[in-house]
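This report refers to the structure that appears directly beneath it.
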């Protein structure tokens, strides 16, 4: 071999040896150190499956179960794993669905974050046990489909829907903002306690690794479950609600628009919070008929989804006179035994504002008993004109300072979403309303009798009753007492006593006046034998139709156990419906039953269709 040939042979041999060493090294690396091929092969044999936790239960104040979980199976599908040659007709027969349902459930808006062709999504929710039993053994014939165990909510008591709330599927924004807490297809609390306490109730997902055979059937756990992660159940909640009282309140509100709120004044715990029209919470459990039920409720002209107890803002009517009396006494502008003449109307210059026909009022107690407008117009003007008639804005600011301290003009910050703060008009509002023209105390004194621009929620009215019953303090109304079998505490703000800036001594004449309202005043027809209680009727003027019927009160007179507000839309005088309904709720709570002599009243309140009144 020539010298040149030997050199070429050596170069080729060297190149071959080097290439062989490199290839051998790569093979060794892949076999010994690189797990990517191993992991890739596992994806065809190992299936990751989320395990959903049991959502926390909700109990009433007597530990009666209000919301629990029922086992359910969702049929899941991964679109890109579908067999194009699948016998869809046989599949539909297996599931008892028609072909159009199959198409509707399999075709999704792939631009929606909830759906991806590579990520499982719900094909059928809450599959019946019969369908599940006959389908699960044959599902291997339909690649891409599998069953997933889920818990859905159930409600043993068909009442309290606004308080309990309901679940729904997460949307794009909720998934994007959750930092991985929620995945497409997850359920989340959308209203009521389900939404307010979503974090503690939802628990934490677990994970299981399952082995599949060559046709996709599950054959066992990977590594005997050593890598599985068990789910963590949600926390159970003991609510403040008395479910029997809630059911009774709903019964009384049948065929009426309005709300009832009852509070334990000593704690701020809400005993009942009912809005009417209402609905059975079981209608919105996760099931295949939920969509139709939701649409029907959403399109109902009476707006059953609208929680009138915390969302509706109403003129409170004459119940507001109690607050005017308290502020006037605290400001040193009046005293309990003061007489203010009333000749059937309040007169200012050439104008007059009517009053009820009543006997002469000799003090603030009797003024409340007969609900004298003249008496409280006088006090309202004195409050507004405290710094002079030309400085009514200063007087209104001072007045509003008290109102805010009583929890008005802002949400009370109870747990539920959507709570409104009512409305307290301030000087800037009246400047806008009157286009910066001069306005004085007679212009706006209607707020002193709970009319005009002033607006409160029913929850705020009930809280006012609690403040008066407590002689000057309250706790923020709330719906949860504690988490059961858990060290988690509810927000400490619900245990803080909030005092209003009125001396307790000024509450006594107001309380006496409210007791006389029940004994022989505007609510005498709602007297409860054996229960000394206090309350005030109101008739809220409605420029768009019949006036609204209003009442608030507390029982018993001393150391009250319950404070209540009732607001019935378009029902007329406060003594006609709101006061009788409130008295029945009070008696039911304190006695457990309605006395024989009041059963006829009970039946009349239940049977009257206020919505149909002329």
_Could you check the range 504-524 and list, in sequence order, the residues that are over 34 Å from the mean Cα position of the chain (by Cα) and farther than 15 Å from residue 361 by Cβ?_
505, 506, 508, 519, 524
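Which of the residues belonging to the range 550-601 are in a loop (DSSP other than H, G, I, E, B) and either outside the structural domain of residue 371 (by TED's automatic domain parsing) or in contact with a strand residue (DSSP E or B) (Cβ under 7 Å, 6 or more places away or on another chain) (or both)?
If the condition is that a residue be in a loop (DSSP other than H, G, I, E, B) and either outside the structural domain of residue 371 (by TED's automatic domain parsing) or in contact with a strand residue (DSSP E or B) (Cβ under 7 Å, 6 or more places away or on another chain) (or both), then 557, 560, 561, 569, 570, 571, 572, 573, 574, 575, 576, 577 are the ones that fit.
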_Residue under evaluation residue 261, criteria (1) touching a residue at least 24 places away in the same chain (Cβ under 8 Å); (2) touching a helix residue (DSSP H, G or I) at 6+ places or on another chain (Cβ under 7 Å); (3) in the same structural domain as residue 150 (by TED's automatic domain parsing), criterion not met_ = (3)
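Take the residues in the range 380-404 that are under 22 Å from residue 497 (Cβ atoms) and surrounded by 15 or more Cβ atoms within 10 Å (Cβ to Cβ), then tell me which one is nearest to the chain's Cα centre (by Cα).
Result: 403.
Results for (1) surrounded by fewer than 23 Cβ atoms within 10 Å (Cβ to Cβ); (2) touching a residue at least 24 places away in the same chain (Cβ under 8 Å); (3) in the same structural domain as residue 419 (by TED's automatic domain parsing); (4) outside any helix (DSSP H, G or I), shown as yes or no for each residue.
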position: 443; (1), (2), (3), (4): yes, no, yes, no
position: 451; (1), (2), (3), (4): yes, yes, yes, yes
position: 459; (1), (2), (3), (4): no, yes, yes, no
position: 464; (1), (2), (3), (4): no, yes, yes, no
position: 471; (1), (2), (3), (4): yes, yes, yes, yes
position: 486; (1), (2), (3), (4): yes, yes, yes, yes
position: 514; (1), (2), (3), (4): no, yes, yes, no
position: 518; (1), (2), (3), (4): no, yes, yes, no
*Is one or more of the residues making up the range 390-405 in a helix (DSSP H, G or I), in the same structural domain as residue 447 (by TED's automatic domain parsing) and at pLDDT below 95?*
yes
*Can you tell which of 505, 493 is over 29 Å from residue 375 (Cα atoms) and assigned to a helix (DSSP H, G or I)?*
493
_Residues (crowded, with 24+ Cβ neighbours inside 10 Å and outside any helix (DSSP H, G or I)) located in the range 154-165_ = 159, 160, 165
*Residue under evaluation residue 358, criteria (1) over 25 Å from residue 566 (Cα atoms); (2) modelled with pLDDT under 95; (3) in the same structural domain as residue 522 (by TED's automatic domain parsing), criterion not met*: (1)
*Just give me the residues in the range 51-69 being buried (at least 21 other Cβ atoms within 10 Å of the Cβ) and under 28 Å from residue 183 (Cα atoms), in sequence order.*
55, 56, 58, 66, 67
_Among (1) surrounded by fewer than 17 Cβ atoms within 10 Å (Cβ to Cβ); (2) at pLDDT below 95; (3) in a loop (DSSP other than H, G, I, E, B) - the single one residue 522 does not satisfy_ = (1)
*Report yes if some residue within the range 222-237 is crowded, with 21+ Cβ neighbours inside 10 Å and within 27 Å of residue 498 (Cα to Cα); otherwise report no.*
yes
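The values are calculated or read from the model by the stated rules, or taken from the named source; none is laboratory data. Quick caveat, the model's predicted, so the values are computed rather than measured. Glycine gets a Cβ as well: all are built from the backbone with ideal geometry, and neighbour counts include every protein chain shown.
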